[in-house]
Amino acid sequence: MTTESRRLDGNAAAGRLADVFVFDATVVRTRCGTCGTSAPLGHYHVYADGPGMVVRCPTCEKMIMRLAQTPGHTWLDMGGAATLDIGE
Amino acid sequence: MARAAIRRRLTWRIATVATITRESDTARRLALRIDDWDGHLPGQHVDVRLTAPDGYQTQRSYSIASAPETPTVDLVVQRVPGGEVSPYLVDELRVGDELELRGPIGGYFVWHPDTDSPLQLAAGGSGVAPFLAVLDHHAAIRSSVPVRLLYSARSLGDVIGRDRLDGHAGRGVSVTIALTREQPPGWRGLRGRMDAEAIREHTTPADALPRVLLCGPTSFVEAVADGLVAEGHPTTAIKIERFG
């Protein structure tokens, strides 16, 4: 499969991120730490067919988040995200 | 109500299959009864989790295909050949069976009926499911927002929700169906893959400032999104839900 055909979006990450956050992650305005793109997480690209899930910037394709889950354990790397702007 | 539905922490819960109806040759509508369902917004989805007798678990996301006004929460599941989950849901599941799910999920890919902007929907295959919820909700609240749906399916037998879509067309929704692989004799709709001309001719012009929702296979929705951007639609007006 090509990279393009594997691509999902932030909507596909919402259920798994709901294990971590009490807010709905898809509407959270997220700023890319590399290029500064700012958009709701639902607009970001997601690749979920590996052992973990990777969220990438829709503009520069740099990694924003990585999430891996095993029974009883969740590991989240948000090193690529500069900020999350969470509305009421 | 809707906001509470989005903000509450999600937990896995039990849904009971109330009815199963045929939506196309390969798709079924599973109407689910869920106790204490707090409602949803049209466009939201749920995660369904299946557990094998040996404890192995797998989950999939399915759009909610019913309007918030509907007493059941309906999913439209299309059988994916060789799939791990959909053949079970389409062929094995029976009325009265229970499913584990969590939702509603996602406040991004939704239609908010609170502004007058026209709505442009484009679906590939079973990507029409969330738009069945949008259109039923649009009808239920007697919304005056102009809506157009551009829907691409492989053949007439693959078209999901035909009767409902005919009903919506009858009350003024513009429904255009493109059949990509096989057309019945006398077919008057579109043929083949969505190209720039079809997108230009059968979608709301950019100067009407529509909000756009696209749902379907990744290659389809990205091609339509590119076509709409070329027509002058701002990327911020376009929300996409990809299947992969």
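The values are calculated or read from the model by the stated rules, or taken from the named source; none is laboratory data. What you see is a predicted model; the values in this text were computed from it and never measured. Using ideal geometry, Cβ is built from the backbone for each residue, glycine included, and neighbour counts are taken over all protein chains shown.
Scanning region B:51-74 for residues that are away from chain A (no Cβ under 14 Å), in contact with a strand residue (DSSP E or B) (Cβ under 6 Å, 6 or more places away or on another chain) and not polar (S, T, N, Q) gives B:65, B:73, B:74. Looking across region B:113-141, the residues that are charged (D, E, K, R) and either assigned to a loop (DSSP other than H, G, I, E, B) or exposed (fewer than 15 other Cβ atoms within 10 Å of the Cβ) (or both) come down to B:114, B:116. Of all the criteria given as (1) at the interface with another protein chain (Cβ under 8 Å from one of its Cβ atoms); (2) out of contact with any strand residue (DSSP E or B) (no Cβ under 7 Å at 6 or more places or on another chain); (3) surrounded by 23 or more Cβ atoms within 10 Å (Cβ to Cβ), the one not satisfied by residue A:25 is (1). A search for C-beta distances below 9 Å between a residue of region A:69-88 that is in contact (Cβ under 8 Å) with a residue 60 or more places away in the chain and any residue that is of a type outside the set (S, T, N, Q) and assigned to a strand (DSSP E or B), counting only pairs 6+ apart in sequence or on different chains, returns A:86/A:29; A:87/A:29.
Of the residues B:94, B:60, the single one that is on the phi < 0 side of the Ramachandran plot, modelled with pLDDT under 95 and of a type in the set (D, E, K, R) is B:60.
Does residue B:152 satisfy the criteria of being polar (S, T, N, Q) and either part of a strand (DSSP E or B) or within 14 Å of chain A (Cβ to nearest Cβ) (or both)? Yes; evaluated as a whole, the condition is true for this residue.
Exactly one residue out of A:74, A:30 is more than 10 Å from chain B (Cβ to nearest Cβ) and within 10 Å of the chain's Cα centre (by Cα), and it is A:30.
Can you confirm whether region B:89-112 contains a residue that is more than 29 Å from residue B:33 (Cα to Cα), of a type outside the set (Gly, Ala, Ser) and either in the same structural domain as residue B:72 (by TED's automatic domain parsing) or part of a strand (DSSP E or B) (or both)? No: zero hits. Inside region B:20-74, residues that are surrounded by 15 or more Cβ atoms within 10 Å (Cβ to Cβ), of a type in the set (D, E, K, R), closer than 29 Å to residue A:69 by Cα and touching a helix residue (DSSP H, G or I) at 6+ places or on another chain (Cβ under 9 Å) make up a count of 3. Residues in region B:89-127 that are in contact with a Gly (Cβ under 6 Å, 6 or more places away or on another chain) and more than 24 Å from residue B:51 (Cβ to Cβ): B:108, B:109, B:110, B:111, B:123, B:124, B:125, B:127.
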